[in-house]
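Worksheet: the structure to be examined is printed underneath.
The values are calculated or read from the model by the stated rules, or taken from the named source; none is laboratory data. Nothing here was measured: the structure is a model prediction, and the numbers come from that model. Cβ atoms come from the backbone with ideal geometry, glycine included; neighbour counts cover every protein chain shown.
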Amino acid sequence: MFRPMSGGLPLGGSESAGLVETASLEVYPAVAEAMRQAGARDSRLGPGAVIGAVRRAIAAWVLAADGDETALAAVAGPQAAHFLLHPSGGRWQVAPCPAVTLIQVWGFEPDAEPPRVRASWRFTGRRRFTDPGPNATAEGENTFVGLLDLTLTGSGQWQLSSGHVDTLDGYLGYVFTSRRETADEYRKRTGSSAVPGPAGNHRVFRLTSGFAEHDERLGSTASIDVRRESAPTRDEAEKLIQPAIWDATVQALGDGDWRPSMNWLDVIELLGE
């Protein structure tokens, strides 16, 4: 993917909004080429203008999450701003100081009426529930995904026309956990009463996924062990478990054009391996 450098935008406002300028940026190759071609005939459609508009829109959302909605109101319609700030039907909001870690520009339609750019961003932060309930417990830091569409207005300005925010689990459609095996789990797995300490450089991780093939109403699990020096990331774990999911699907249903989807994925470091 093409990864252009930051454009030095005057984001200002708050420390978390300032992180948007330095967040990693990825532009899909076809999008980057389309922006270069379109920018040759109209500077408003060029990489600098489009990427700058995306960063400013995300920075305006961060400022709004921090409590100042002025910048967001200037670049977004009321409905778009509302859904960005009140995801999941308004049950929760993103707490102040979200930290943007990655911005991806993955769609660009310069010949549409009006022209449109589509982008997403990942950030870490916490949820603030509007009605947490009497048994609510403090929630730790989460990873989230934001989506936005920008359209070019008649005045020549890029406006945020729609947007949405969700947890990464909600966006991808499955729950991911990564942890170390507990002492009780080790005893049940090995039958040993002595629990070993952490492993050395070559550690073993058990990846287990619950999945479903909804057309055939199949629900099952797949599991593999991998030996490596560090725990696989979410993206790595997903790629590692996919062949095992496919094998389990074919074993249950035979060859076919199956589309199994994960419901959950656990990465557990096995003790003493």
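Screening Tyr174, Tyr186 for residues that are under 30 Å from Leu84 (Cα atoms) and surrounded by 15 or more Cβ atoms within 10 Å (Cβ to Cβ) leaves exactly one candidate, Tyr174. Considered as a group, the residues in the range 232-273 that are under 22 Å from the mean Cα position of the chain (by Cα) and small (Gly, Ala, Ser) include one that is surrounded by the fewest Cβ atoms within 10 Å (Cβ to Cβ), and that residue is Ser261. Residues of the range 130-153 include at least one that is in contact with a His (Cβ under 6 Å, 6 or more places away or on another chain) and at pLDDT 90 or above.
Output yes when any residue across the range 190-201 is surrounded by 12 or more Cβ atoms within 10 Å (Cβ to Cβ), of a type outside the set (Val, Ile, Thr), over 24 Å from the mean Cα position of the chain (by Cα) and within 16 Å of Tyr174 (Cα to Cα), and no when none is. No, every residue in the range 190-201 fails to be surrounded by 12 or more Cβ atoms within 10 Å (Cβ to Cβ), of a type outside the set (Val, Ile, Thr), over 24 Å from the mean Cα position of the chain (by Cα) and within 16 Å of Tyr174 (Cα to Cα).
Check every one of the strands (runs of 3 or more DSSP E) wholly within the range 156-255 and list those with 2 or more residues that are aromatic (Phe, Trp, Tyr) and either in the same structural domain as Gly39 (by TED's automatic domain parsing) or out of contact with any helix residue (DSSP H, G or I) (no Cβ under 8 Å at 6 or more places or on another chain) (or both).
Once the strands (runs of 3 or more DSSP E) in the range 156-255 are filtered for at least 2 residues that are aromatic (Phe, Trp, Tyr) and either in the same structural domain as Gly39 (by TED's automatic domain parsing) or out of contact with any helix residue (DSSP H, G or I) (no Cβ under 8 Å at 6 or more places or on another chain) (or both), nothing remains.
Suppose we keep only residues that are touching a residue at least 40 places away in the same chain (Cβ under 8 Å) and crowded, with 16+ Cβ neighbours inside 10 Å within the range 213-231. Which one would you say is farthest from Ser261 (Cα to Cα)? Among those residues, the one meeting the criterion is Ala231.
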